[in-house]
Amino acid sequence: MKVSKNQCWDIFCQVVDNYGDIGICWRLSQQLASEHKIKVRLFINDMVAAQHIIANLALNQASQIINGVNLCVWPEISVTPAQVVIAAFDCKLPDSYSQKLFINHSTWINLEYLSAEPWVGDFHAKSSPQPALGLTKHFFFPGFTPNTGGLVREHNLIANRDAFLKSSGKKAIFWARLGLSHLAKENMVRISLFSYPEAQIRRLFSALANHKNIIHIVMPFNGNLSQYNAAFSDCTQSESQGSCRLLQQGNLSVHLVPFLSQDDYDHLLWACDLNFVRGEDSWIRAIWAGKPFIWQPYWQADKVHIQKMLAFLHVYNESASRQMQTLLLDAHQEWSANDTDLAPAKNLNQALWTNLINQLPALAAFTYQRSNTLTLQTDLATKLVIFSENLRNNQV
């Protein structure tokens, strides 16, 4: 899909939970710039949080170009709107900016949160007149079906993944770069863990510590682990390995590694046998990794997040066997449950995670096939380009 020559887009990212919002916006911005040749300005309200994702981001500059994207501090002064304006995750545009949208004939798109709930397809691409501003806002919903906005996926992602999976050398180099060369061996289970503190980490560790297999968990963190102290309370700390910290409990070793770049996080997901992910960005990347994963949705009141989790599992696991569907449902519910919702019997928790580890080969075959099936759908960036062009040509 070709866009109008020299087209410019503005993307506004208001960081809420530190990483998911900026993670999605940064990937999308880079793809629009590199694959669709669009001039992108990415406005960010929290550059400190963004720096965890964009490692070479300078905090003392109002704007800077990285990987073809102009990263800008959230505007507090007069800025002329671009031809296409994306408010990521329904963030509120600055008043001084939104008042100029009509004058500049800008196309205004609200990029919503990802959900697999049935109503998403009905609301995708709908418009909402804004009489006070003299223009229309358009809603764009990412999703898992053709009648939604699709998922962020660079055009070379799957080819790069498969090349990595087929190369023992690439995997060995990656583990060595993390200071974990011994994880390149085949006779172990490797798990990545990226979660909110509310996850049932302590129960997971307890179950895996008693597993017959040697299990290694790799847990990227941003330097603040105080929220996880209760989860680590049954572990003993061993000698640090360079920039990594090592916790041990029975047959389980937990490697705490510094926060990873987006590319290295992709490699971690590819290199592991099971991935625990959260929010939106790591969730999508786990899907593209084609490896078994457990997703922890962002916590919401009245258990709305559980409804979103169930909706996703219904769509994603529809082609799985009944036994596999039950196993994945039980594992997801255990991982995201409140303490009061959990079964009191410890052996039930042990049996669940033991069964999941034992079923990893079958789960891997299913998730790899499911990932490849989803790649048949058009990606989010391309769908946004097509949608914006149709709007500007009055075809929507």
Relative to the longest principal axis of the C-alpha atoms of the chain, give the angle of the C-alpha long axis of helix 380-392, reported between 0 and 90° and rounded to the nearest 10°. 20
Length released on extending from Leu225 to Lys185, taking residue separation times 0.36 nm less the Cα-Cα span: 11.6 nm
Relative to the longest principal axis of the C-alpha atoms of the chain, give the angle of the C-alpha long axis of helix 20-36, reported between 0 and 90° and rounded to the nearest 10°. 60
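Does the chain classify as rounded, prolate or oblate by the C-alpha gyration tensor (a ≥ b ≥ c root eigenvalues; a/c under 1.5 gives rounded; else a/b over b/c gives prolate, otherwise oblate)?
Values: a/c = 1.89, a/b = 1.66, b/c = 1.14.
Here the chain falls in the prolate category.
Please label the shape of region 157-374 as rounded, prolate or oblate, based on the square roots a ≥ b ≥ c of the eigenvalues of the alpha-carbon gyration tensor (a/c under 1.5 means rounded; beyond that, a/b larger than b/c means prolate, else oblate). Spell out each step's value before the answer.
On the way: a/c = 1.44, a/b = 1.08, b/c = 1.34.
It is rounded, given that a/c, with a ≥ b ≥ c, falls under 1.5.
Could you sort out which of Lys100/Lys126; Lys137/Lys308; Lys171/Lys308; Lys37/Lys100 sit more than 31 Å apart by Cα distance in this structure? Write out the running numbers ahead of the final one.
Values: Lys100/Lys126 22 Å; Lys137/Lys308 25 Å; Lys171/Lys308 34 Å; Lys37/Lys100 25 Å.
Over 31 Å apart, Cα to Cα: Lys171/Lys308.
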Cysteines of the chain lacking any other cysteine beta carbon under 4.7 Å? Cys8, Cys72, Cys91, Cys235, Cys244, Cys272
Report for the chain the percent antiparallel among DSSP-assigned beta bridges with both residues inside it, nearest 5. 30
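Quick one: compute the contact order of the chain, relative version, from alpha carbon pairs under 8 angstrom and 6+ residues apart, as a percent.
Details: 675 pairs, mean separation 59.4, N = 396.
It rounds to 15 percent for the chain.
Going by average Cβ density within 10 Å per residue, which order do the peptides 191-201, 57-67 take, highest to lowest?
Numbers: 191-201: 20.8, 57-67: 12.1.
Ranked by mean Cβ neighbours within 10 Å, highest first: 191-201, 57-67.
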Percentage relative contact order, region 157-374, counting C-alpha pairs under 8 Å, at least six apart: 21
Once the Cα atoms of helix 262-271 and of the chain are each reduced to a long axis, what angle between those two axes, in degrees from 0 to 90 to the nearest 10, is obtained? 40
Gain on full stretching of the segment that runs from Leu310 to Asp46 - 0.36 nm per residue minus C-alpha separation: 91.9 nm
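Values in this text are rule-based calculations from the coordinates and carry no lab data. Everything numeric here is computed off the predicted structure, so don't read it as measured data. A quick note on method: Cβ atoms are made from the backbone with ideal geometry, for glycine too, and the neighbour counts reach across all protein chains shown.
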